[in-house]
1. Counting alpha carbon pairs within less than 8 Å and at least 6 residues apart, what relative contact order, in whole percent, applies to the stretch 139-190?
2. Relative contact order for the stretch 94-249: what is it in percent, counting Cα pairs under 8 Å that are at least 6 residues apart?
3. Which of the cysteines in the chain are isolated, no other cysteine C-beta under 4.7 Å?
4. In debye, nearest 20: dipole of the stretch 1-118 around its Cα centre with unit charges on the Cβ of K, R (+) and D, E (-)?
5. Determine, for each peptide in 210-218, 27-35, 95-103, the mean count of other beta carbons within 10 angstrom over its residues, then list the peptides with the highest first.
6. Roughly how many percent of the accessible protein surface of the stretch 111-213 is carbon and sulfur, given a 1.4 Å probe and a whole-percent answer?
7. Give me the net charge for the shell around Gly67: Cβ to Cβ below 10 angstrom, other residues only, Lys and Arg +1, Asp and Glu -1.
8. Which whole-Hz couplings ³J(HN,Hα) result when phi for each residue of the stretch 248-261 is put into the Karplus expression 6.51 cos²θ - 1.76 cosθ + 1.60, θ = phi - 60°, listed in order with x for Gly and Pro?
Amino acid sequence: MGPQELRTTVLRLAARAGFDLCGIAPAEPHARGDYLRAWLAAGRAGSMDYLHRNLESRLDPRELLDGARSVIVTAMNYHQPQAAFNPNDSTDARPRGRVARYAWGEDYHRILKDRLFDLVHSLEQALPSPFRFRVCVDTAPIIERELAARAGLGWIGKNTMVLSRRLGSYFFIGEVLTDLDIAADEPASDHCGACTACLDACPTAAFPAPYEMDASRCISYLTIEHRGAIDDSLAALTGDWLFGCDVCQEVCPYNREAPATIDPQLAARHPAPDVDLQEVLAWTPDDYRRHLRGRAMKRAKLDMLQRNARIALDNSGA
C-alpha cells in the first residue's frame, strides 16, 4: 500500500472510529521552536513548570517514537450550545459558576485514547505488516496545535486555538505517531483576517499580541493550573468562571455555526454546565470524588475549586 492509498485508508478508519476530522502531518521538528523557547523564557507559562520539561520532544515528535515518519492527527467535536441550558433558572436563585464546555461530559482523555487505539487496531488489521506507533493526547509532551495545523485540520488563530472552517474551535485533538510512511496533508491557511473579536473580549487581557497568549493571565490557567491564591487584580476579572473559560471561543465567528456534538459520552451531566457555588464550598473530599469521578474537572483539586467558587461569589456580589 503506497503513501497516498495509506492516507485514504487512515482517514476512512478514523471516521469509523468516531473522529470528526483527520489529517496527516510529517514527523518533523516544529518550525517555531525558537518562539516556544522565547515564550517560556518570558514566563508566559506561569507556574506550569512541566512545560519546561521534555522540551526536545515537544519540538520534535520523533523524540517520542524513534523512527517516526508520520503523525495521524484527529479531532473530535465537543461543542454544546450554552443556549441549550439555562444557568439563570428563575426557580433557583443561588449563584452559579460556569464550566468550560470541554469538561461538561466524561473525561476526554479516556475517550480519545480508546478511539485512537481503535483506529490503530483497525489499521493493524488492514495492513499486512506490523508497524510501530505511539498514541498521544495532551498529557504527552507534544505540541498538538502545531501538529493539527500542519496536518490541515485548521489554522492557529489569534487566540492561539486551532480553528476549523467546519468545526470552529470546540474540538479535542489526539495523535498517533507511527513509522508508517503516510502521504501528508497540506497545512491549512489562516482565515482570521482583520478580526480581533477574541483579543478584544478576553476579560484579563491575556493576549499581548495576536497569536500570542500570556497563559499566566488566562482564566483557564488561573482556575485549573494555578495553585495557591490568585492575585486580587486578576481574580476580580474572572467573573463567574469556576473551571476554565470559553470567552475567546464564544465570540469567534467560526463558532457561530459550529455543529453540536451528538456523542452521548460528551453530553453535559451534573454538576456541569453551571455549578451551584455554595454547594461546591460545602463539598467534602468524598463529595468531590463522587461528583467528579471520570471527569476532566478533577484536574483542579478541591481546594482550588473552592477558591474559584469564593472568587465567583465575590464577583457576583452574593
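1. That works out to 44 percent.
2. Rounded, it is 27 percent for the stretch 94-249.
3. Cys22, Cys136, Cys192, Cys195, Cys202, Cys218, Cys245, Cys252
4. About 200 debye.
5. 95-103, 210-218, 27-35
6. The value for the stretch 111-213 is 50 percent carbon and sulfur by accessible area.
7. Once positives and negatives cancel, what remains is +1.
8. 5, 8, 4, 8, 5, x, 6, 9, 4, 10, 4, x, 8, 5
The values are calculated or read from the model by the stated rules, or taken from the named source; none is laboratory data. Keep in mind that this is a model prediction, so the values were computed, not measured. Quick reminder, even Gly has a Cβ in these numbers, built from the backbone with ideal geometry, and neighbours come from all protein chains shown. Accessible surface is based on the protein model in full, side chains and every heavy atom, while ligands, DNA and RNA are left aside. Shrake-Rupley method; radii C 1.70, N 1.55, O 1.52, S 1.80 Å.
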